[in-house]
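Worksheet: the structure to be examined is printed underneath.
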Amino acid sequence: MVAVKKPAAKKSAAKKAPARKPAAKKPAAKKPAAKKPVAKKAPARKPTAKKAAAKKPVVKKAPARKPASKKPGAKKPPAKKPAPKVVVKKVATKAAARPAPARKPVNQKAAAKETVESRVNVVNDHLTQHIVVVKQFTRTFPTSNVWVLKDGREAALLDAGYGDKQSIGERSKFFTSEMGHLNFKTIAMTHHHYDHSSGARQLRELLKAETAINPVDEVLLHTPPTPNQGNEDLPDEEDLAERVAAWRAEALATPIDRPLSDGETFKVGGLTVKAVHTPGHTAGHNCYWVEDLRILFTGDNILGVGTSAIGPPPAGDMQQYLDSLLRMRELQASLFAPGHGPTVTATDAKVQELLDHRATRDRQIIDLIDRGYTTDLQIRRALYPEIQKGLRRAAGGQIRSHLAKMVGQGIAKVTPEDDGKIWRVALTK
């Protein structure tokens, strides 16, 4: 190997040295070990291809820099790949963000093994000087928002939350320790559903406040539920039977001190709260409008995330719900304070999103009927193929609510079968 390299060095030095690097002979003689990397890579290609007409000092410095990095410099191109590493981190971040919502059902199943005491907790958040949200986390059922509206030393509750012993116990501790200086005048419920109303009786006694609800939902609040007529499986509530029974009993026993019809008001310090009848989710659903703050407490007509469940008449009414959304948008609120989920600041966009969603669902149902789907159960299975067992009945109710609206519009016709468990559907035009 040595004998081959030396004559090559002599010939190149005699013929090519004056042409390429007359002044580079001496450093080449001083550093024989440096000739090999220089002859193979950097000096042979870069000075001639890139910088033949460029500055000569730059050509001289370039090979000087690469020998300084020596062989590690040649071996580090694979090591110079920070870009893939950054990409991996970004992908990992996105992947971590996406599965988060998918873990909710897992958390629910894991929570089923917890004790009642560990399942129920209360978190509060002071949004403004007038608004505090009390979030109640309860296994399986959605987080329920109880809103505190305050001005000076006067306050009101918008919705009352769950009414079982453990839920009330946690909320009572919060009101006693954090809100004991306030004089609560009113507990105004948006509607009669248990997650908004069943805590009202006990909170009424604790806070010495009057209860209020729309008179239509007052009747529903005090009416025992009829047997479920769902078109497939009922919600799986075996391990929640005691709590559901407690909520039902509390709702039935809740006295209403003041019915609040559309347009009626009550005061909280210097603030005026106006009842806005917005049927759809329930027949007597109220929103509460604080014009001074431009805040609308939306109950379950508008949620912080997702869409509200709208059942068929008489439980709910899709056409009334759509009309209520338009009325809510006309108020031009700067903030929606929903019954579930975070507040909404893009209020107009949120209303439009919900209107578009319902229009899309109408088109999907019509398309399925056109393709030969003849029952509401078939349509539900097509539109909600992987829905959890406990939510099937609610999903079926959504389909029936859309179908009932289409019947009213003359678009579809429905024939109940099997004691109403199945709706046979067809288009009229």
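Things to note:
- Residue in the stretch 314-330 that is outside the structural domain of Val268 (by TED's automatic domain parsing), touching a Phe, Trp or Tyr at 6+ places or on another chain (Cβ under 7 Å) and surrounded by 15 or more Cβ atoms within 10 Å (Cβ to Cβ) present: no
- Scanning the stretch 264-280 for residues that are touching a strand residue (DSSP E or B) at 6+ places or on another chain (Cβ under 8 Å), closer than 26 Å to Asp317 by Cα and in contact (Cβ under 8 Å) with a residue 12 or more places away in the chain, we see that the one that is surrounded by the most Cβ atoms within 10 Å (Cβ to Cβ) is Thr278.
- Identification of strands (runs of 3 or more DSSP E) wholly contained in the stretch 329-429 with 1 or more residues that are without any contact (Cβ under 8 Å) to a residue 24 or more places away in the chain yields 412-417.
- The stretch 143-170: number of residues that are under 28 Å from the mean Cα position of the chain (by Cα), of a type outside the set (Gly, Ala, Ser) and more than 23 Å from Asn286 (Cα to Cα): 4
- Lone qualifier among Thr347, Thr375 - being within 22 Å of the chain's Cα centre (by Cα) and either of a type outside the set (D, E, K, R) or not assigned by TED's automatic domain parsing to the domain that holds Val216 (or both): Thr347
- Test result for Asn214, under 17 Å from Ala315 (Cβ atoms), in contact with a Pro (Cβ under 8 Å, 6 or more places away or on another chain) and either in the same structural domain as Val276 (by TED's automatic domain parsing) or in contact (Cβ under 8 Å) with a residue 24 or more places away in the chain (or both): yes
- In this structure, Glu330 does not satisfy being more than 26 Å from Val216 (Cβ to Cβ) and acidic (Asp, Glu).
- Residue under evaluation Ala283, criteria (1) in contact with a strand residue (DSSP E or B) (Cβ under 9 Å, 6 or more places away or on another chain); (2) surrounded by fewer than 23 Cβ atoms within 10 Å (Cβ to Cβ); (3) modelled with pLDDT of 95 or more, criterion not met: (1)
The values are calculated or read from the model by the stated rules, or taken from the named source; none is laboratory data. Since we're looking at a predicted model, the values are computed, not measured. Backbone-built Cβ (ideal geometry, glycine too); neighbour counts: all protein chains shown.
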